[in-house]
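Chemist: Below you'll find the structure I mean.
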Amino acid sequence: MLLLAMPAYGEETFSIAGNVTFPEAEVIFVSLYTPERFQDFKNKSLPPEPYTQIIELSAEQKNGGRAAFVFKGIPKGTYGVVAFREMKKNLKRERSEYFRNPVSCYKMIRFSGNWNDIKLEVNKNIHGIEIRF
């Protein structure tokens, strides 16, 4: 059973938004992790939508090296933000295929792997997150 802090009826939800910058990529994934799902996350598949944003980059975004992301309807809680990218040689035919592999197969941003480095408290709308590859 896969539950990721689904909002209860009438529960207040929030948005989380920002930008990803990169030297090269075809597809960018930005994922929200709960503390539980973050444990051994490299050997698990990506969190389901809406907790993973798949950004299939336009030519303009590729040339500019920048893409925006936004998560909507996220319940109050503690989350970690992790980004991955996929290069041209590994593109999938269907979006659902990206959720079948462990995240270790994607190129991840470099970070310590420490939960405290990526966590944020969601109790209001959060904007201006910057993720750099």
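Readers should treat all values here as calculations from the given coordinates under stated rules, not as data from a laboratory. Note that the structure is predicted; figures quoted are calculated from it, not measured. Positions of Cβ are generated from backbone atoms using ideal geometry, with glycine treated the same way; all protein chains shown enter the neighbour counts.
Chemist: To the nearest 0.05, what FRET efficiency results for Thr13 and Arg132 with a Förster distance of 22 Å applied to their C-beta separation?
Modeler: 0.20
Chemist: Let me ask something else. At a Förster radius of 41 Å, what calculated FRET efficiency corresponds to the Cβ-Cβ distance of Thr34 and Glu97, to the nearest 0.05?
Modeler: Between Thr34 and Glu97 the formula returns 0.95.
Chemist: Pulled fully out, how much extra length does the chain show between Met87 and Ala59, if you take 0.36 nm times their separation in residues and subtract their Cα-Cα distance? Each step should come with its number before you reach the end.
Modeler: On the way: separation 28, 0.36 × 28 = 10.08 nm, distance 1.40 nm.
Length difference between fully extended and current span is 8.7 nm.
Chemist: What aspartates and glutamates could a cross-link reach from Lys72, if we take a straight Cα to Cα line under 14 Å and drop same-chain neighbours fewer than 8 places away?
Modeler: The reachable aspartates and glutamates, counting only those whose Cα sits under 14 Å from Lys72, are Glu11, Glu12, Glu49.
Chemist: Between their Cα atoms, which of Lys62/Lys119; Lys44/Lys88; Lys88/Lys124; Lys62/Lys124 are more than 26 Å away from each other? The partial results should precede the final answer.
Modeler: Working: Lys62/Lys119 28 Å; Lys44/Lys88 22 Å; Lys88/Lys124 36 Å; Lys62/Lys124 31 Å.
Violating the 26 Å limit, Cα to Cα: Lys62/Lys119; Lys88/Lys124; Lys62/Lys124.
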